[in-house]
Amino acid sequence: MAEKYDIAIIGAGPGGYIAAIRAGQLGLRTVVVEREKALGGVCLNWGCIPTKALIKNAQMVRFLEERAEDFGISVTDPSASWQKAIERSRRVVKRMNRGVEGLLRKNGVDVVQGTARISSATSLEVTPPEGDKISIQASNIIVATGSRSRLLPGLVADGARVMTSRHAVTLEDAPSRLVIIGAGAVGMEFAYVYNAYGTEVTVVEMLDRVLPLEDQEAGELVAKHFAKSGIDIRLSTPVQSVDIHEGGVKVTLGGGKDGQTDVVEADKVLVAIGRMPNTEGLDLEAAGVAVSERGWIQVDDHLRTSAPTIFAIGDVAGPPMLAHKASHEGVQVVEMLAGLEVHPVDASFIPNCTYCEPQVASIGHSEAAARSAGYDVKVSKFPFIAIGKSIAIGEHDGWVKIVADAKYGEILGATIVGPDATEIIHELVLARSAELTVDDVAASIHAHPTLSEAIHEAALGITGVPLHI
């Protein structure tokens, strides 16, 4: 007899396991099917968490090598071990794995390891690593299978010469020379990390700027900092070919602004040109689930697919492909199934974060996007160099930019580039979500000295005149 559940979830990443925890809290009998042995998905095991651990290591290396003297700290012949940095990041991952396992167990969620196939609108067939297939019956199914790195046509990621982010977080030795294809958040974060450990890094981007999803000025500031660190950034430059040979790789670049081609030789190449959804093998069409031409599962505002009992959340349901978006969607679906009142997610209320130095974080429309959408806007940009806390901690490059509706003061969007941008953006996330205006932010007392004072000053720049510039 098949096991019967209220909810069956395929995938134990940040969407799936959070959905399962919330379902358990609400008293719904829940099972999660995960094909990997370790829970947590790409984010916990190969993405968000290990990269942030490595970025922290890179920050400390840079501090010791470049800034320690500014703080009166003398360090003689500092050395940085890449192997130990990797070991630390893997310890962090294992600790988080245990945490997810404990939370699922605490909330009464069953976990089944294996590869799931949707055999009907209310049933799964699971093939475990060993043993017979398992049948699972559920009133509702949530697909949370996530995504994987997209590769250039004809290119195979072997981990030896051609890498994806999954290989890059476990590499035993930092290469002498590395070409990174793609200057989005993933590419720029790995460029920062590997450069700190002495790798000669070349970043290649087909578009005309780095971090193309962010405010253009923010990308320009990040590119300026990277250039100072010796990172070679090639913009408006497509990749013609990647040739693998015994000694490394040859990446042929061409079609740039001058139309010339160039060959960059390196030990390895890291492909960071985006991600594609994991829908293969689920048998979605047989279950009546519609999929877009690009492979994303089509869902309505409540994440319901064309099959009424099947839902999709996270990367597999389309962009933005962010862990926190997946988690929020998982909670939304489960609470709706439990009969609670929920509100559909508006993508413009989801923060974007890039964790290299300087950090970049944003919410809503960029200045260019707001103008393009036809808004009459007021824009205020306040620099961290005018903030006492920034000067005190020696991190004062960057700024806060707020884009507001000129008539009503509605916060249309904001971008922060600089120290702790990914932390302090949430004041503006909350303000936008609560439909507060820039007047409300300007009227709020901000503690002194804090980095968040830059947000206050930027708001004052729209409502009147900032105080410290």
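What the table shows:
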read-out: Whichever residue in segment 260-278 is open to solvent by 50 Å² or more (accessible area, probe 1.4 Å) and in a loop (DSSP other than H, G, I, E, B) and, among such residues, is farthest from LYS250 (Cα to Cα); value: ILE273
read-out: Segment 199-228, subset in contact (Cβ under 8 Å) with a residue 40 or more places away in the chain and either polar (S, T, N, Q) or on the phi > 0 side of the Ramachandran plot (or both), residue most open to solvent (accessible area, probe 1.4 Å); value: GLN216
read-out: Members of segment 99-115 found to be open to solvent by 70 Å² or more (accessible area, probe 1.4 Å) and either among the basic types (Lys, Arg) or without any contact (Cβ under 8 Å) to a residue 40 or more places away in the chain (or both), listed by number; value: ARG105, LYS106
read-out: Condition broken by LYS250, with the remaining ones in (1) part of a strand (DSSP E or B); (2) basic (Lys, Arg); (3) modelled with pLDDT under 95 satisfied; value: (3)
read-out: Filtered residues of segment 116-133 (kept if in a strand (DSSP E or B) and out of contact with any Gly (no Cβ under 7 Å at 6 or more places or on another chain)); value: ALA116, ILE118, SER119, SER120, SER123, LEU124, GLU125
read-out: Odd one out for ILE416 among (1) assigned to a loop (DSSP other than H, G, I, E, B); (2) surrounded by 20 or more Cβ atoms within 10 Å (Cβ to Cβ); value: (1)
read-out: Some residue of segment 147-160 being closer than 16 Å to GLN359 by Cα and in contact with a helix residue (DSSP H, G or I) (Cβ under 7 Å, 6 or more places away or on another chain); value: no
read-out: Test set (1) outside any helix (DSSP H, G or I); (2) farther than 23 Å from ASN57 by Cα - HIS456 fails condition number; value: (1)
read-out: Matching entry among ARG67, ARG35 (being touching a strand residue (DSSP E or B) at 6+ places or on another chain (Cβ under 9 Å) and open to solvent by 10 Å² or more (accessible area, probe 1.4 Å)); value: ARG35
read-out: Pairs where the first residue, in segment 397-408, is open to solvent by 10 Å² or more (accessible area, probe 1.4 Å) and the second is charged (D, E, K, R) and not in a strand (DSSP E or B), C-beta under 8 Å, 6+ apart; value: ASP405/ASP376; ALA406/ASP376; LYS407/ASP376
read-out: Some residue of segment 384-392 being over 16 Å from ALA361 (Cβ atoms) and assigned to a strand (DSSP E or B); value: no
read-out: Filter result (of a type in the set (Gly, Ala, Ser), open to solvent by less than 20 Å² (accessible area, probe 1.4 Å) and not in a helix (DSSP H, G or I)) within segment 329-368; value: ALA361, SER362
read-out: Of all residues in segment 63-84 being of a type in the set (Asp, Glu) and free of Cβ contacts under 8 Å to residues at least 40 places away in the same chain, the one that is nearest to PRO419 (Cα to Cα); value: GLU66
read-out: Residue in segment 279-316 that is nearest to VAL242 (Cα to Cα), counting only those that are surrounded by 23 or more Cβ atoms within 10 Å (Cβ to Cβ) and of a type outside the set (A, V, I, L, M); value: ASP315
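The values are calculated or read from the model by the stated rules, or taken from the named source; none is laboratory data. The shown structure was predicted, so the numbers you read here are calculated from the model rather than taken from an experiment. Please note: Cβ atoms are built from the backbone with ideal geometry, for glycine as well, and neighbour counts cover all protein chains shown. Just the protein is used for accessible areas: all its heavy atoms, side chains included, with ligands, DNA and RNA removed. Shrake-Rupley method; radii C 1.70, N 1.55, O 1.52, S 1.80 Å.
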